[in-house]
1. May I ask you to derive the relative contact order of the chain, considering only C-alpha pairs under 8 Å and at least 6 residues apart, and to give it as an integer percent?
2. Report the full-extension gain for the segment Glu28 to Val153: residue separation times 0.36 nm, less the Cα-Cα distance, to one decimal in nm.
3. How large is ³J(HN,Hα), in whole Hz, for each residue of segment 317-324 in order, when computed from phi with the Karplus curve 6.51 cos²θ - 1.76 cosθ + 1.60 and θ = phi - 60°, using x for Gly and Pro?
4. Non-local amide H neighbours of Ile265 (under 5 Å, H modeled in plane, Pro and chain starts lacking H): which ones?
5. Relative to the present Cα-Cα distance, how much length would full extension add between Trp173 and Asp312 at 0.36 nm per residue of separation?
6. How charged is the neighbourhood of Glu202? Take every other residue with its Cβ under 12 Å from the Cβ of Glu202, and add Lys/Arg as +1 and Asp/Glu as -1.
7. Highest mean first, what order results for 132-139, 58-65 on Cβ atoms within 10 Å?
8. To make sure I understand, if each residue's beta carbon is the centre and we count other beta carbons within 10 Å, what order do Arg221, Arg94 fall in, fewest to most?
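Here, each number is a calculation from the coordinates, and none is a lab measurement. Everything numeric here is computed off the predicted structure, so don't read it as measured data. When we count neighbours, we look across all protein chains shown, and the Cβ atoms used for this are built from the backbone with ideal geometry, even at glycine.
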Amino acid sequence: MPSRVGDLILYAITVRLSLTDHQRAVAERLLTRSGAAGFDELAALAVDHERRRPPEPRWSRPRPPRPAVAHRSGEVVLDAVLPAASGVALALTRRQRLSLEQLKDGQCVDLSACAGDGRHLSAARSRAFHGINPSTGASLWSTAPHTRLLTIVADTSPGHDLCFPPCSELEYWEHSGIGNHLGCAELHAVARASFGAGHAAETDDVLNLWLPSAVDGRDGRLRSWPAACRRGDVVQLEAERDVFVVLSTCPDDLFGSSQYEPGPIRVVVSNGTSERAAASRPRRAPELPPGWPTAPPPSAVARHQVAVVLGDADRDHVDRIAAGGWLGTSRAAVLRALMFRLYESSRTAR
Ligand SMILES: [Zn+2]
C-alpha cells in the first residue's frame with residue numbers, strides 16, 4: 001500500500017528473507033550492534049552501506065548466464081546428490097572421471113585428494129605449476145615426491161581457487177562469535193576418517209571449486225568473491241592414479257562464498273570408457289556408497305522467515321543489484337547478502 005508524506009507518495013514493499021540458524025543469530029547480533037530499531041531499519045542501513053561502497057570492478061558487467069548442458073561420456077558408476085553442508089569420501093581408480101555439477105547458482109565445493117601411499121594434494125605445488133585459478137588442463141599435484149593426482153579435463157566455469165584453506169569452525173566462531181558452525185575442515189576430517197587412519201592425514205590443502213579469488217595487487221592479501229557459477233556448470237576431473245577424493249559442499253552461509261545459501265551438488269563418477277563401449281553394456285542403477293548423506297543438517301536449511309519492508313528508493317537499488325546477478329537474482333537473496341556484507345564491514349571496522 002502506498003503512503004503519503006507531504007506531496008510524495010511512497011510505495012513500500014515487503015521482502016521475505018529466509019535465514020539459516022546461524023544467519024538469524026548473526027542478524028540479531030547486527031541488529032544490536034547497529035542500534036537499528038528493527039529489521040526494516042537494518043535493511044535500510046544495509047542498502048545504504050552497499051550504495052556507499054566503491055563499485056566492484058569484477059561486477060561491472062552482468063554475471064555470466066547458465067551454460068549449455070555439458071557433454072558427459074563413459075559408463076556411469078555413481079550418480080548422486082551430495083546435500084548441502086555435507087562431506088563425503090570417494091575412491092577413484094586410475095582413469096575414472098569425477099564430474100561435479102552445480103544444482104543451484106553458486107555453490108562452492110572443497111576438494112582434497114590423497115594417493116594410496118599417503119601423498120596428498122599440495123596446493124602450493126599445484127599453484128606453482130598452474131597458478132591460483134586452475135581450469136581445464138591443470139593438474140592437482142601431490143606432496144613430494146610429486147605426482148599428478150587428478151587433472152581437470154573439462155570445465156564450464158571460469159576457474160577455481162588454490163589459495164584459501166577450507167573454512168573451519170574456528171573461522172566461523174571468530175567471525176560471528178557463534179559456536180558449533182562446522183566448516184569444510186571438519187566435514188573433511190570426518191570423511192577422511194571413514195577411510196581409516198592410513199588416509200586420515202590432516203591437511204589444509206584443498207581445491208576450492210568455483211570460488212573466485214585473487215591476490216590484491218596493493219597489499220598482497222587474498223581476496224575472494226561469492227561463487228559466480230551457475231546451475232548446470234560442470235567441472236570434470238580425471239584420476240591420474242588410484243586416489244581418494246574428499247568433497248564437501250561448503251556450509252558457508254555468512255561470508256557469501258556460496259551466495260549465502262548452502263546448497264547441494266551432483267556427483268557423477270564414470271569409467272571414462274567410450275560412449276559406444278558404455279552403450280553395449282547392460283544398464284544398472286548405480287548404488288550410493290555406504291554412509292552417503294541424503295539430507296542436509298537442519299542448521300544449513302534456511303527455515304527462519306523475516307519480513308522486511310523496503311522503501312521505493314532502496315527497492316530500486318536492490319533491483320539494480322539483482323539485475324547484475326552477482327549477489328543473487330531475487331530481492332530476498334540480494335537483501336540477505338547486503339545484510340551480511342554490512343556485518344562483515346562492521347567487524348572489519350572495529
Ligand atoms: Zn567451506
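1. Relative contact order for the chain comes out at 35 percent.
2. The span from Glu28 to Val153 would gain 40.5 nm if fully extended.
3. 5, 4, 5, 5, 5, 4, 5, x
4. Under 5 Å from the amide H of Ile265 lie the amide H atoms of Leu82, each far enough along the sequence or on another chain.
5. 46.4 nm
6. -2
7. 132-139, 58-65
8. Arg221, Arg94
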